[in-house]
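The values are calculated or read from the model by the stated rules, or taken from the named source; none is laboratory data. Just so we're clear, the structure is a prediction, and the values are computed from it rather than from any experiment. Every residue, glycine as well, gets a Cβ built from its backbone with ideal geometry; the counts of neighbours run over all protein chains shown.
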Amino acid sequence: MRLSLSISRFVLVSLAGAALTAMAGSATAASINCPVQQVKREVTTQLPGGWWSTPYVSNLTGTEVVQIGGQTALQCKYGPNGAGGRIQRNAPAGNVCTAVAGGFNCLPIVNLMRPIHAQGLLSVPQTYLFDLDDGGVHQHGADVWFQAETSNRLYLVPRNGAKIGIVNVADGSYNKCKNARMSGARLSLADMPVGTRLCARTSEGRVATFRLMALSAGSPKTMKLRFTTWR
């Protein structure tokens, strides 16, 4: 007798975390996690007497943005190449999503179309300043000062009316930074591991984001940043 297998249900084994923001129809940036780390696959066909089945548990192995019925869907895959099962949901309306480990990053289309004033990489020696309006490194008259009180006490200090703030987001979108909490207070690099993203309001009033990409060893230090400033 040939037995057919079907996925009867996906059973929650452990939570991967809820979506940080956004349900379908919203137009805000969202970091959306797969809802479960494991799923259970079972035989639903009625078996003859004396036979039984063993449920098969598969771990989350990947994510993918796919098209289903002409709609963009966010798909979580379990087991090798998704053989252990797949679950999906529609992508948030008005967003463009990319697959990342354990979930998806979705950016509002309006953010992707926001005109960019300046963008690039900066290499900033300690005691120098960097300007997010012109994308330059200066000794005077810029947005943020790389202050070094000692070899270990290092700070980012807003200057000339600029403001900065650390944000715990991956995308660094215009809307996130426009609404982020920022101030003119200095921030310690001890609180900024490599990869930390910050938002800024420049001395000329523009919204910007920058990310700490590297900090050199030894002393004096050089900080490498990737930045985007919007018009």
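Miscellaneous remarks
- Summed over the stretch 170-200, residues that are farther than 18 Å from GLN119 by Cβ and either aliphatic (A, V, I, L, M) or in contact with a helix residue (DSSP H, G or I) (Cβ under 6 Å, 6 or more places away or on another chain) (or both) total 8.
- Of everything in the stretch 198-228 that is surrounded by fewer than 20 Cβ atoms within 10 Å (Cβ to Cβ) and among the small types (Gly, Ala, Ser), the residue that is nearest to the chain's Cα centre (by Cα) is ALA214.
- Every test in (1) crowded, with 22+ Cβ neighbours inside 10 Å; (2) closer than 17 Å to THR196 by Cα is passed by ALA142 save one, and that test is (2).
- Per the listing GLY195, GLY172, GLY165, the residue uniquely surrounded by 14 or more Cβ atoms within 10 Å (Cβ to Cβ) and either aromatic (Phe, Trp, Tyr) or modelled with pLDDT under 95 (or both) is GLY172.
- Top-ranked residue in the stretch 37-78 [being of a type in the set (A, V, I, L, M, F, W, C) and assigned to a loop (DSSP other than H, G, I, E, B); ranked as nearest to ASN95 (Cα to Cα)]: VAL43
- Qualifying residue in the stretch 76-93 (condition: of a type in the set (Lys, Arg) and under 30 Å from LYS224 (Cα atoms)): no
- Residue that is surrounded by the fewest Cβ atoms within 10 Å (Cβ to Cβ), among those in the stretch 73-106 that are touching a residue at least 40 places away in the same chain (Cβ under 8 Å) and of a type in the set (Gly, Ala, Ser): ALA93
- Top-ranked residue of the stretch 201-211 - restricted to ones that are touching a residue at least 12 places away in the same chain (Cβ under 8 Å) and out of contact with any helix residue (DSSP H, G or I) (no Cβ under 8 Å at 6 or more places or on another chain), ranked as nearest to ARG181 (Cα to Cα): ARG201
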